[in-house]
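To start, the structure under review is shown below, and the notes come after it.
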Amino acid sequence: MWMFDQAKQRIGHHYPDAQVPILGRDGEPTGKHTQAPVIAWLWARTVICPNPACGIRMPLVRSWWLSKKKGKEAYVVPKIVPDTTSPGGRRVEFAIGHDPHLAPGKDIEGTVDRKGATCIACHSAVEFKYIREKGRAKQVREQLMAIIAEGDRRRIYLKPTSAHISSADLPQPESVPLGSLPDATLGFRVQAYGMTDYVDLFTNRQLTALVTFSDLVAEAREMALKDALAAGRPRGESLARGGVGAEAYADAVATYLSMAISKLADWSSSICSWINGVEKVRNTFPRHAIAMTWDFIEVNVLSNAVGNFGNHVTWVSSGIDSVPADQVPGFSHQADAASRDYSGLLVSTDPPYYDNIGYSDLSDFFYVWLRRSLRGIHPDLFGTMLVPKKEELVANPYRHGGRVKAEKFFEEGFERVFAHTRQSASPEYPITVFYAFKQSELEKEGIASTGWSTLLEGMIRAGWTITATWPVRSERSGRMISVGTNALASSIVLALRPRKETASATDRMGFLSALHAELEEALPRIHEGAIAPADLRQTILGPGMAVFSRFSRVLEDDGSTMSVKTALALINQTFDALQNEHDAELDADTRFCLDWFRSYGWDTRPYGDAESLAVPLGLSVDGIARGGVLTSGGGKVALIKPLDLDSRWDPAHDDRLSLWEVTCHLARAYATEGREEAARLMAGVKGKVDLDEVNRLATRLYELMESQDASTAGLFNGLGGAWADVSATSTTIRPAAVAETLFGEEI
């Protein structure tokens, strides 16, 4: 609070309150105003229109919307007005609109899309090439579009005023962190627009605030030191030298305050944007990249709303509150993973993955501010101008002379780290490795992708046996997809143990024989673990790779060593074979439905097609239709989609239950009515069908339908992922027959 108050004294005049009109009972302005604290300012980048007949300074805006909340609609209204002092003799000014019937439509959502920009005055199309040229020439400007103030349980949107425009018009601070953005690297999109240094990512007011707070850290440290000494704590050594006295205490306080400034930087750059659906700020790093933002948000760091300095201090302090300080102290060290000693350690690592994230280049965004505050406190960590990058294990093409060389550097380094870890690892405990897929890679190559198999190959060559691959729900709920189901987990945790030095070799037949036996044994255990169907193929790789990697070598028929990619393909083939073997044990109606879907999906087909599938199973088409899973009439037959099944279905009065019917009804009920209804139906079929088989069939149906009908497949993925919860709830539901006995027929 002392830092906050000091900052307010020094720079508070740059953050004026807003003048909000007072409305009368008729909703019209009374001519009077009241003050309200500003939450943020919304700015648009601008360039001169390239049309010689126009030449106006045109705003580059992603969306005119400020709020899309029903009853709270607000949007920016651009107007072209004469102005002899502006380029082209005209300028754009902004007002605020609230009438949803007059709100921007799809045709005028903004002035920038993926193809380029459009001039709001002459409607000329403007290429990104032109905007980039102007950016590199430092001819891109900013114009205030709206003021966002704090109202009574709502945001207040106001048009720009000269006072608020001038409050942001200040020079760049004399002392700002030095550091240039990389010329071309992973996760950066702004250099092409003239942003060449890290300070270019901030407005001058943002730089002033960050410099002020950073400099206040040293003053706050001196206050903490005086307090500690006054409390009787001995001065002692510094924190960097392992001290625990007053000096170390003051260093720790300064370190935590600097972490809060790191978060302040994340929420106080000109890359931040406004989320009009929820009326909130999107920070600089919603993902591991710095992308170009056309209209950007500048938060009020001295307010009581989102993004202010106090909020970030609370974030850091809440983390400290969660640390078990009365336990054995923990330590964090910066070291090279390829050379450090791992003796006596349990290892859990989330290694880099090729060029997925440019860690060091992106971390410079924070490093330049941390170094300003902490260079004297942690001299070993902040001895360089920017983060060291030469040995970083990332496949960065610009650093290694192209993609091929970059990938070779990464793969060799990756294997070297795991080989070194293997030398001192304990055979008593596994190590865990977290692995993140690229979604684009998953879509293109599947789980046998080149990157995935190459990393597994490196681990196995380094002397490790892979004993498990488990999906981890590491993504926030915002990544959920259709009907309450999860997308394929993007994170996988691998369990590895050192392979025995005496491990023997085997041939392809020996591998396949062991694989079939062990996968058959593992599948029921995996189903018991309530793995979502979308994750089953990832999970089955664990026991599969455990078989493959426990051998010193698996020999092909020509004497060559089997590759991991081939092993992954064989694991998937064996899994499919086991699924097909199990299909033969299902009830006849379910086997008919499986065969029908494989052949025709949800299509309507002639009666004869259905009869040709039903007769070999000893069934009649009319009998299957009476089972409630098929429509038959007028010489046409079709499977009924789960969402089209009768929601009044009562299993107690269904004399022809099939696994297919039960599974589809449970998936429908869970997706449309929730866990309680699905649990009620599950309780009604207990003792009539094998529920373990229903769970297995949900996974099977997801697998079958994923490529043909993703939305229906999602129903079964949702049921499979929630199976444990639905099953547990079903045990609390009294069966209908018991209820009737206890309470009478009407109940």
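The values are calculated or read from the model by the stated rules, or taken from the named source; none is laboratory data. In this text the structure is predicted, and so the values were computed from the model without any measurement. Methodologically, a virtual Cβ is constructed for each residue, glycine included, from the backbone with ideal geometry; neighbour enumeration extends over all protein chains shown.
Table for the structure above
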| read-out | value |
| --- | --- |
| Number of the exception - residue 453 against (1) within 21 Å of residue 551 (Cβ to Cβ); (2) modelled with pLDDT of 85 or more; (3) part of a helix (DSSP H, G or I) | (2) |
| Segment 102-156, subset free of Cβ contacts under 8 Å to residues at least 12 places away in the same chain and within 22 Å of residue 297 (Cα to Cα), residue surrounded by the most Cβ atoms within 10 Å (Cβ to Cβ) | 118 |
| All positions within segment 524-539 that are touching a residue at least 60 places away in the same chain (Cβ under 8 Å) and under 18 Å from residue 580 (Cβ atoms) | 524, 527, 533, 536, 537 |
| Counted residues, segment 691-707 - those being surrounded by fewer than 17 Cβ atoms within 10 Å (Cβ to Cβ) and in contact (Cβ under 8 Å) with a residue 12 or more places away in the chain | 1 |
| Failed item, numbered, when residue 552 is tested on (1) assigned to a loop (DSSP other than H, G, I, E, B); (2) at pLDDT 90 or above; (3) farther than 30 Å from residue 492 by Cβ | (3) |
| Scan of segment 547-565 for residues that are surrounded by fewer than 17 Cβ atoms within 10 Å (Cβ to Cβ) and of a type in the set (S, T, N, Q), ordered by number | 552, 560, 561, 563 |
| Residues satisfying the stated conditions in segment 326-362, i.e. within 30 Å of residue 183 (Cβ to Cβ) and exposed (fewer than 13 other Cβ atoms within 10 Å of the Cβ) | 334, 335, 336, 339 |
| Whichever residue in segment 1-24 is in a loop (DSSP other than H, G, I, E, B) and not acidic (Asp, Glu) and, among such residues, is modelled with the lowest pLDDT | 24 |
| Count - residues of segment 660-710 that are under 33 Å from the mean Cα position of the chain (by Cα), more than 17 Å from residue 531 (Cβ to Cβ), part of a helix (DSSP H, G or I) and acidic (Asp, Glu) | 3 |
| Sole exception among (1) under 45 Å from the mean Cα position of the chain (by Cα); (2) on the phi > 0 side of the Ramachandran plot for residue 618, by number | (1) |
| Residues of segment 574-606 satisfying the condition of being assigned to a helix (DSSP H, G or I), hydroxyl-bearing (Ser, Thr, Tyr) and surrounded by fewer than 16 Cβ atoms within 10 Å (Cβ to Cβ) | 599 |
| Residue match in segment 286-303 (condition: exposed (fewer than 11 other Cβ atoms within 10 Å of the Cβ) and in a loop (DSSP other than H, G, I, E, B)) | yes |
